[in-house]
Amino acid sequence: MRFLFPICFLFLCHFLPAQDSTYTILSLDKALTENANAVVRLDDMVVELFSKREMSIKLTRVVTVLNKLGNKHTHTSIGYNNSIKVKHVQAVIYDAFGNEMDKIKRKDFRDVSAVSGGTLYSDSRVLYMEYTPVQYPYTVEFTYEVSTQNTGNIPSWYFLDGFLVSTEESKYTIVYNAPGLKPIIKEKNISGIDVSKTDVGNKISYKASHIEAIRKENLSPSFGKIAPKLLVRAINFNHEGYDASVQNWKDVGLWMHDNLLKDRGVLPEATKEKARSLVKGVTDNLEKAKLIYEYVQKNTRYISVQVGIGGLQPISAIDVDRVKYGDCKGLSNYTKALLNAVDVPAYYTHVESGRDKVDFEDDFADLGQGDHVILAIPYNDTYYWIDCTSQIHPFGFIGDFTDGRKVLVITPQGGELATTASYLNEENRQKTSASCSLNSDGGIKAEVLINTEGIQYDNRFYLEDKTNDDVIKHYKNYWSNINNLSVKEHTFKNDREHIVFTETVSLSATNYATKSGDRILFTLNVFNNNGYVPNRYRNRKMPLEIQRGFLDEDELTLQLPEGYQVEALPEEKNIKNEFGAYSMSASLSEDGKAVVYKRSLFVKEGAYPKEKYDSYRDFRRTTARADNAQMVLVKSNP
């Protein structure tokens, strides 16, 4: 069957009349379809800065979608609000041979709110095309033109759309109608692509062509770190009626503080009195902040509105206080206002969120960096960080959504770059202690205690809010190495003060061990068997990046079945290298009735050249093999 499509395709090509369209699949270079789910045939943006208060953006984007995984790369939507006007939008669909199949005009686009359930954001809307492909490949030509009075956030440019997407032609042009409007452009990762630049008169243009798709590799840096792109920033601009002239992050922060945040922290007197009553008798600022944070968690709800869609200015604190909901900007500003009411300083902070750690650029102060807002609370010469959108995280714990990255802290004296709390290596700790008994049929019964801290806490504390059925499913998945698992009982303790999550689990399983005549084979790492081995690459392209280190410590006391004795135990293992360390030992108790198994796996955070990848893979392959080490029991002589 895998040969059927090419044969039919060639047959059709032979009998169909020649097409004049440039969008036929036949014109595509094979190198662009290799490792690709979609090919961007043309990505052409023209930005024109008419003045500090007028900018237009025109886009023509043509994408050939090769399979269903490529559908998401058509990007056939455009956001707008009171400050962004859509002057034109259209999409045209072509078949594999460049024949026009459908034309979708503006009236055919869906026009929906960008935010569900929040009238505070009623002006934020999205136009998007609804299209269900009936065949592959197909091509979408998407065009739009928007105008805006906000000229401070000039679109940056990616020459590639993501992993497994290639680009046939990419163009980016900026036209500025006065010398003072000329933006600054920072080129990143473009040395390896065919790109040309012209900077003549009042126009800057970039053109790139024939960029092959990049395959994502195991433990490679995120796409944003390696992508060929242009960062673009305005120096002199206007945003929501506020003029600005910025050269650095201090200027950006000062402008935001004095304009976008000005008068946004006003609260009703009754609310300020409520805040003061919450901290009555408390003198420590951090304790005050904790009480206010917990109040916000219990009395507001979060509505997701991207910084870019909802604008840069937060909803006023008085509005959030009235409706009891907000986006990250609104809730952070509201919490800041409550803290101010109890004389606790807090700074509004822009951050690029997500599991991948993305830093603000030290030398490139633009409004386009950051998609989320948190608060920085100064205390004893450091910052405590809180995410006001979370209704479950303990005070001062931000987890892997905003950890360990450079952010913009907006103070009355201006902006400054700071690094959020990092949970490093051994701080991301899991300790598993288990008491287990083995019967002669290979079944087990066990009491398991798991303590987690740091990012490992972040990965597990959500269990306390799950239904019993979901918890059982979690453990059956987590302990997938245990056949016929039955979870008898479980209890959780969430120590939010010290940020430690404790799980106590009673379980049993039949046929865990393997019987062979008079012998029983038993894998000692029952409750944290880590069989992860990174993928093998014959010709790896990417560097190795371990974003977060961790430490797992395990101890198991195994009671042996009556009538059996130890014939063989796994050999002790100790490994230490640049990537971490591993140790494993198994010993017989003094009375000979139990085996004590101890194991530790430590993996370091770090970035390494691609040449180190095979060494790291060997390390993890060795530890995975050691985790599967077995002991052998044999029937005792009568």
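The values are calculated or read from the model by the stated rules, or taken from the named source; none is laboratory data. All values reported here derive from a predicted model rather than from experimental measurement. Backbone-built Cβ (ideal geometry, glycine too); neighbour counts: all protein chains shown. Protein only, heavy atoms only, side chains kept; ligands, DNA and RNA dropped before computing areas. Shrake-Rupley method; radii C 1.70, N 1.55, O 1.52, S 1.80 Å.
Quick notes
Residue by residue, here is whether (1) touching a residue at least 12 places away in the same chain (Cβ under 8 Å); (2) touching a Ser or Thr at 6+ places or on another chain (Cβ under 7 Å) holds:
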residue: HIS474; (1), (2): no, no
residue: ILE482; (1), (2): yes, no
residue: PHE501; (1), (2): yes, yes
residue: THR504; (1), (2): yes, yes
residue: LEU507; (1), (2): yes, yes
residue: TYR512; (1), (2): yes, no
residue: PHE522; (1), (2): yes, no
residue: ASN535; (1), (2): yes, no
residue: ARG538; (1), (2): no, no
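- For the condition modelled with pLDDT under 95, open to solvent by 20 Å² or more (accessible area, probe 1.4 Å) and hydroxyl-bearing (Ser, Thr, Tyr), SER196 does not qualify.
- Test: residue in segment 116-139 that is part of a strand (DSSP E or B) and acidic (Asp, Glu): no
- Every residue from segment 150-175 that is outside any loop (DSSP other than H, G, I, E, B) and open to solvent by 10 Å² or more (accessible area, probe 1.4 Å): TRP157, TYR158, GLU168, GLU169, LYS171, THR173, VAL175
- For segment 266-286, the set of residues classified as assigned to a helix (DSSP H, G or I), surrounded by 13 or more Cβ atoms within 10 Å (Cβ to Cβ) and of a type outside the set (Lys, Arg) consists of THR271, ALA275, LEU278, ASN285, LEU286, listed by residue number.
- For segment 359-403, residues that are at pLDDT 95 or above, open to solvent by 20 Å² or more (accessible area, probe 1.4 Å) and hydrophobic (A, V, I, L, M, F, W, C) total 2.
- ASP554 passes every criterion in (1) surrounded by 17 or more Cβ atoms within 10 Å (Cβ to Cβ); (2) within 19 Å of GLN430 (Cα to Cα); (3) within 25 Å of the chain's Cα centre (by Cα) apart from (3).
- Per-region count, segment 79-102, residues touching a helix residue (DSSP H, G or I) at 6+ places or on another chain (Cβ under 8 Å), of a type in the set (A, V, I, L, M, F, W, C) and within 20 Å of PRO155 (Cα to Cα): 2
- Single residue of segment 19-39 satisfying the filter (touching a helix residue (DSSP H, G or I) at 6+ places or on another chain (Cβ under 7 Å) and buried (at least 18 other Cβ atoms within 10 Å of the Cβ)) that is farthest from THR143 (Cα to Cα): ASN37
- Selection from segment 224-269 of residues that are closer than 30 Å to LEU160 by Cβ and among the polar types (S, T, N, Q): ASN248
- A single member of GLU562, GLU567, GLU553 is part of a loop (DSSP other than H, G, I, E, B) and not aliphatic (A, V, I, L, M), and it is GLU562.
- Selection count where residues are open to solvent by less than 30 Å² (accessible area, probe 1.4 Å) and under 20 Å from the mean Cα position of the chain (by Cα), scope segment 404-417: 4
- Among the residues making up segment 434-466, a single one is closer than 14 Å to LEU551 by Cα, in a strand (DSSP E or B) and hydroxyl-bearing (Ser, Thr, Tyr): THR452.
- Restricting ASN628, ASN637 to those that are open to solvent by 80 Å² or more (accessible area, probe 1.4 Å) and either more than 39 Å from the chain's Cα centre (by Cα) or among the acidic types (Asp, Glu) (or both) reduces the list to ASN637.
- ILE444 surrounded by 19 or more Cβ atoms within 10 Å (Cβ to Cβ) and farther than 30 Å from LEU254 by Cβ: yes
- Top-ranked residue of segment 42-81 - restricted to ones that are of a type in the set (Ser, Thr, Tyr) and over 18 Å from LEU32 (Cβ atoms), ranked as farthest from the chain's Cα centre (by Cα): SER51
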